[in-house]
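The values are calculated or read from the model by the stated rules, or taken from the named source; none is laboratory data. Predicted model only: the values in this text are computed from it and were never measured. Heads up, the Cβs are rebuilt from the backbone with ideal geometry, glycines too, and the neighbour counts pull from every protein chain shown.
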Amino acid sequence: MKKAILVLEEGTFYEGIGFGADGESYGEIVFNTSMTGYQEIMTDPSYNGQIVVMTYPEIGNYGINTDDIESLRPFVRGFVVREYWNKPSNWRSSENLESYLKYYNIVGIHGVDTRGVTRRIRSQGAQRAAISTVDFSHARLLKKVRSSPSILDVDLVTEVSCQRPYTWEKGSGVLAQSHNIERKPSKGHKVLVYDYGIKQNILRRLVDVGCDVKVVPSQTSSEEVLSMEPDGIVLSNGPGDPSTVSYAVKCVEKLVGKKPIFGICLGHQILGLALGGKTFKLKFGHRGANQPVKNLSTGKVEITSQNHGFAVSPDSLGNDVEITHINLNDNTVEGLRHKKYPIISVQYHPEASPGPHDSSYLFDEFIRLMQEFDS
């Protein structure tokens, strides 16, 4: 066993046992309330720049496999758990969590009171933090944490976006069969996806509903996008403060009204800014697979998967924008629709299947918008 220490910007320290890589890691500390899915969480590019605390106490018990990934590699800066299980038991497991973290040089700590850490984040707010297995001086670590960069000052999107365009052809495969997802034949809907930190399951679900999918880097110009003549445009999820990616906002402003647009998570926030709205930082964000969202059109409540630290201000939106969904925990905006143009967006992840199918209708709604726009 190796000693490790977790320090929060407000001055609280937690001692535990290190696992994964040796060293120090810095980032914004946040918590996730999902009971399963730690591999999907670690490989979600939206966590770039963040240290993640898992509130579920036992992590690592089903190991790591080659299927449950959302990107090419994990993007978390650090990982905090209550009890790490080093001997996984699952027929799909190919390695344990510690070897996975070591390979990608991610520092983890376990044996920590994660309930206490979570309560600190809820009361004090998301903040900078560090995990160290090499320096145990409280004074030195706290000084380094307080001098580390804030996510408010960094464009984290360019660190996770693809470098060149590519096509995507994989659907949900065996996973679709297990969830009774019917893969529809391609109807020729050419969909262009802006990669702000895309989760691969978004791409799989677009293929499932019959789309021909092409992914482009986050800084691709609106002129280049329109020259590709897509039937629709998807604005993906991604990390950080939407105001730091002003280039994306300006680009989307030029696309409004030109093509049907579907925004997800960060894409929803970028779209809100492009439509004249404003965003603000939540105290501790929404991260987990159990967030209740009300569809204001139907009155139904969806159990949703979420990962975001910012939200669109409802009072900043103009008369042409309708709020379609709200979070029942704090009444923040969870969905938008433009009254004149074929534009929809949601703050949560309809591809993540926490309900498991509560939000899958949104992909069909996007298909309908493209069909109506073409007719």
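See the values below:
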{"item": "Whichever residue in the stretch 71-127 is closer than 15 Å to residue 32 by Cα and hydroxyl-bearing (Ser, Thr, Tyr) and, among such residues, is surrounded by the most Cβ atoms within 10 Å (Cβ to Cβ)", "result": "114"}
{"item": "Wholly enclosed strands (runs of 3 or more DSSP E) of the stretch 10-122 bearing at least 1 residues of a type in the set (D, E, K, R)", "result": "13-20, 24-32"}
{"item": "Candidates 79, 75, 19, filtered to the one that is in contact with a strand residue (DSSP E or B) (Cβ under 6 Å, 6 or more places away or on another chain) and under 21 Å from residue 307 (Cβ atoms)", "result": "79"}
{"item": "Of the criteria (1) among the charged types (D, E, K, R); (2) closer than 19 Å to residue 44 by Cβ; (3) touching a strand residue (DSSP E or B) at 6+ places or on another chain (Cβ under 7 Å), which one residue 259 fails", "result": "(2)"}
{"item": "Exclusive hit being out of contact with any Pro (no Cβ under 9 Å at 6 or more places or on another chain) and at pLDDT below 95, set 335, 299, 355", "result": "355"}
{"item": "Only listed residue being within 19 Å of residue 330 (Cβ to Cβ), surrounded by 15 or more Cβ atoms within 10 Å (Cβ to Cβ) and of a type in the set (Phe, Trp, Tyr), chosen from 262, 280, 284", "result": "284"}
{"item": "Out of 299, 318, 288, 277, sole residue that is among the small types (Gly, Ala, Ser) and within 22 Å of residue 368 (Cα to Cα)", "result": "299"}
{"item": "Qualifying position, being surrounded by fewer than 24 Cβ atoms within 10 Å (Cβ to Cβ), over 22 Å from the mean Cα position of the chain (by Cα) and modelled with pLDDT of 95 or more, among 257, 232", "result": "257"}
{"item": "The stretch 297-311: number of residues that are polar (S, T, N, Q) and touching a helix residue (DSSP H, G or I) at 6+ places or on another chain (Cβ under 8 Å)", "result": "1"}
